[in-house]
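See below for the structure under consideration.
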Amino acid sequence: MAPPPIKAYRAAPSIATPTHPSHFRSRNNKQHSSPSAMASRSSSILLVAAALASLLAVGSCAAVSFKTGPGCSATKLVLIPSEAISEVEVKEKGADDFTALKEGPTGTWTLEGKEPLKGPFSIRFAAKSGGYRVVDDAIPTGFKSGSDYKTSVQV
């Protein structure tokens, strides 16, 4: 007797795991990245985060400047700092010690003398971030109300 004819069957779909990264797909049919592409993307995100953090850190270290406030005269010095500082003191030209200024309610610092003040003035202050800073000859002899005096001191 002759053997039965061989029937041709269609092959079952492959259940083998794909080996090429472009074949990785999730249940919702979205393509997954290869591990090296994911590492590269993670590195890029970390690099962007570090760059942003450094920009914010640099931006927060501003140089302090002092504006002479209203009411300044030969016997009165009013300072308005550009940054949050405390314990402001000045030393007049030729003086041995610093003299404390009085803090006003609006962020001003005032020194009133009975005799004319002698500039240039060096300023010592406590930064809110910690530590003391000294700016030599920050305010010149002929200071006037409303003038800005920039320094290179970071707070």
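None of the figures in this text is laboratory data; all of them are computed from the coordinates on show. The structure presented is a predicted model; accordingly, all values stated were derived computationally and were not measured. Here the Cβ is made from the backbone with ideal geometry for all residues, glycine too, and neighbour counts use every protein chain on show.
Things worth noting here:
- Each of A63 and K118 was given a label point 7 Å from its Cα along the Cα-to-Cβ line. The distance between the two points is 2.9 nm.
- Taking label positions 7 Å along the Cα-Cβ direction at both K93 and S73, the computed distance is 2.2 nm, reported to one decimal.
- Residues whose placed amide H lies under 5 Å from that of S122, excluding near-sequence neighbours: K91, D137, A138
- Calculated SAXS-style log₁₀ I(q)/I(0) at q = 0.15, 0.23, 0.26 Å⁻¹ - region 63-154, Debye, Cα scatterers: -0.48, -1.25, -1.67
- For the cross-link pairs K67/K114; K114/K150; K67/K102; K76/K128, the ones whose C-alpha atoms lie over 20 Å apart are K67/K114; K114/K150; K76/K128.
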